[in-house]
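Right, one structure below, let's go through it.
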Amino acid sequence: MALTPTLDRSVCLVSLGCSKNLVDSEVMAGHLGRAGIGLMTEPEDSDLVVVNTCGFIDEARQESIDTILRYAELKRSGVIRGLVVTGCLVELHEKQLAAEIPEVDAFLPLSDYSGVPSVVDAVIGRAIHDGPASTGPVTFSGGGASRSGSRTASGGSKGGSADLGRSLLTPVHTAYLRLGEGCNHICAFCAIPKIRGKLQSKPLDVLVEEASALAQLGTREISLVAEDSTDYGKDLGKGYGLPELLSELGKIDELKWIRVLYAHPATMDDHLARTMAEVPNVLPYLDMPVQHGDEAVLRAMRRGTSPARIRQVVAELREAIPDLTLRTTILVGFPGETERRFGHLMDLLEEIRFDRVGCFAYSPEEGTEGVNLGGRPSRRAAEDRREQVMRFQRDVLRSSNKQRVGKVEEVLIDGVDTLAGLDSSLAVARSRRDAPEIDGQVLVSLTAAQAEGVQPGDFREVKISGIKGYDVVGMLNE
Ligand code: SF4
């Protein structure tokens, strides 16, 4: 039963997983907003909850399932009228989820999500008609909410199309720019190519249009994201890639900070490193997952790279980009990782001293090559190694933060908190070294007078005066 457009309806959108999934959620939010459907931050204030899931690794899948179950409970108790589940976990396990969690009214696999408003209307319509106890997939114009119908009904394919009309779920001054969809690599531990398909880059002019639209909205920092950003454009065969994109984005004056995330050592090259150094608003910051430091383990992971290549790429980057902040991701516990091979990883980390490291323990992913490989270390051993990597990295971070004390740094203000009962405030900011959500922060003490003149989205000079855990603290350099 289609709802009359006048009826107030609202959705709480829960976005899980990576920044690329967040862009999907923002695209959904844009479609919902244009259809006159309100977006609420609290589920209790909304008619329906949409959970945009992640299916990357064990922990992420468990978090997605726990989140769905939490809202299924709210639906059973009548707090919300409907529950819709989207994203990567649906691509992997829709049938199983539908069988085990009948409270879910619709499952939407990956698409451009333009059909989400009609799904929401159909679900709320049925809830009004059949009452809160309604379970099982709804039907709506364009076929059943099951896999066969939903891809077209819930919108066209997405691939290289523009993510225009997004409603940002980040503060407006910082946003992600997704360069495309899918991946051409075949890493033996990763299900993403199976979930999101082969690389489909967005045309350069589409990305420049998107970035300009974000800049008009007030975005000052964009973080470029993809499965492998350094592979950008290679599938289009138009003779351009990430260096050309950075040069074009660099011409958008309002964009003060352009940050490159998800580079790959196999596709990183000197031309890109030099372009990053030359384009003024491209930050001396790079996130480049290397995953491991042992020859045999990298080969078994099908990473298409080697410890020697990683060392060479890092040397080229540091030579080309002064003051580079280098982040990486490490995977421990992969089949074949002996104590000696783990030692080679620690050797690489001690030699390169990455500025920022995220480390995960391997979990076998259905449909990936790694599942069939023998010689997998125990979970205990993998967790111990992960802790060893993070312990080493904490020391690296502490000593590099100590060297920042006394220095003046440009920061981007993310928020200002007035400290209750105190005649002062605290600005939460990030320096060029700190990517949103994954790196540390700069905590800036402000007098009441200073706080009146500081807004989220401002760039300010801060004198670093000390460190606090993973963060540094400081004051305005006035
Ligand atoms: S580069 Fe490897 S790990 Fe990254 S998305 Fe592609 S297949 Fe997965």
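The values are calculated or read from the model by the stated rules, or taken from the named source; none is laboratory data. Please read all numbers here as calculations on a predicted model, not as lab measurements. Don't worry about glycine lacking a Cβ; one is built from the backbone with ideal geometry, like all the others, and counts go over all protein chains shown. Each accessible area value is taken on the protein alone, full model and side chains, heavy atoms only, with ligands, DNA and RNA left out. Shrake-Rupley method; radii C 1.70, N 1.55, O 1.52, S 1.80 Å.
Just a few scattered comments:
- Per-region count, region 210-228, residues more than 16 Å from the ligand (Cβ to nearest atom), open to solvent by less than 20 Å² (accessible area, probe 1.4 Å) and under 19 Å from the mean Cα position of the chain (by Cα): 7
- Verdict on S118 being surrounded by fewer than 24 Cβ atoms within 10 Å (Cβ to Cβ) and either in the same structural domain as L32 (by TED's automatic domain parsing) or closer than 21 Å to D45 by Cβ (or both): yes
- Matching strands (runs of 3 or more DSSP E) fully within region 437-477 where at least 3 residues are touching an Asp or Glu at 6+ places or on another chain (Cβ under 7 Å): 459-468
- Qualifying residue in region 77-89 (condition: without any contact (Cβ under 8 Å) to a residue 12 or more places away in the chain, out of contact with any His (no Cβ under 9 Å at 6 or more places or on another chain) and open to solvent by 40 Å² or more (accessible area, probe 1.4 Å)): yes
- Only listed residue being closer than 19 Å to S229 by Cα and surrounded by fewer than 18 Cβ atoms within 10 Å (Cβ to Cβ), chosen from E351, E278, E319, E295: E278
- V51 buried (at least 21 other Cβ atoms within 10 Å of the Cβ) and of a type outside the set (S, T, N, Q): yes
- Looking across region 29-47, the residues that are under 18 Å from R81 (Cβ atoms) and either in contact with a Phe, Trp or Tyr (Cβ under 9 Å, 6 or more places away or on another chain) or buried (at least 19 other Cβ atoms within 10 Å of the Cβ) (or both) come down to L32, I37, P43, S46, D47.
- Restricting attention to region 40-54, the residues that are in contact (Cβ under 8 Å) with a residue 40 or more places away in the chain and of a type outside the set (A, V, I, L, M) total 1.
- In region 202-241, of all residues being assigned to a loop (DSSP other than H, G, I, E, B) and among the small types (G, A, S), the one that is farthest from L283 (Cα to Cα) corresponds to G237.
- Residues that are surrounded by fewer than 18 Cβ atoms within 10 Å (Cβ to Cβ) and within 16 Å of the ligand (Cβ to nearest atom), drawn from region 161-184: N184
- Here E221 fulfils each of the conditions (1) at pLDDT below 95; (2) out of contact with any helix residue (DSSP H, G or I) (no Cβ under 7 Å at 6 or more places or on another chain) apart from (1).
- Checking L476 against (1) touching a helix residue (DSSP H, G or I) at 6+ places or on another chain (Cβ under 7 Å); (2) surrounded by fewer than 17 Cβ atoms within 10 Å (Cβ to Cβ), the condition it does not meet: (2)
- Some residue of region 351-372 being over 30 Å from V428 (Cβ atoms), touching a residue at least 40 places away in the same chain (Cβ under 8 Å) and touching a Ser or Thr at 6+ places or on another chain (Cβ under 9 Å): no
- Within region 191-209, restricting attention to residues that are away from the ligand (no atom under 16 Å from the Cβ) and open to solvent by less than 20 Å² (accessible area, probe 1.4 Å), the residue that is nearest to I222 (Cα to Cα) is L207.
- Inspection of region 323-331 finds no residue satisfying the criterion of being more than 22 Å from N401 (Cα to Cα) and either without any contact (Cβ under 8 Å) to a residue 12 or more places away in the chain or not assigned by TED's automatic domain parsing to the domain that holds D253 (or both).
- The set of residues from region 388-411 being touching a strand residue (DSSP E or B) at 6+ places or on another chain (Cβ under 9 Å) and charged (D, E, K, R) comprises R398, K402, R404, K407, E409, E410.
- Search result, residues across region 354-402 that are β-branched (V, I, T) and either open to solvent by less than 20 Å² (accessible area, probe 1.4 Å) or in the same structural domain as R433 (by TED's automatic domain parsing) (or both): V357, T368, V389, V396
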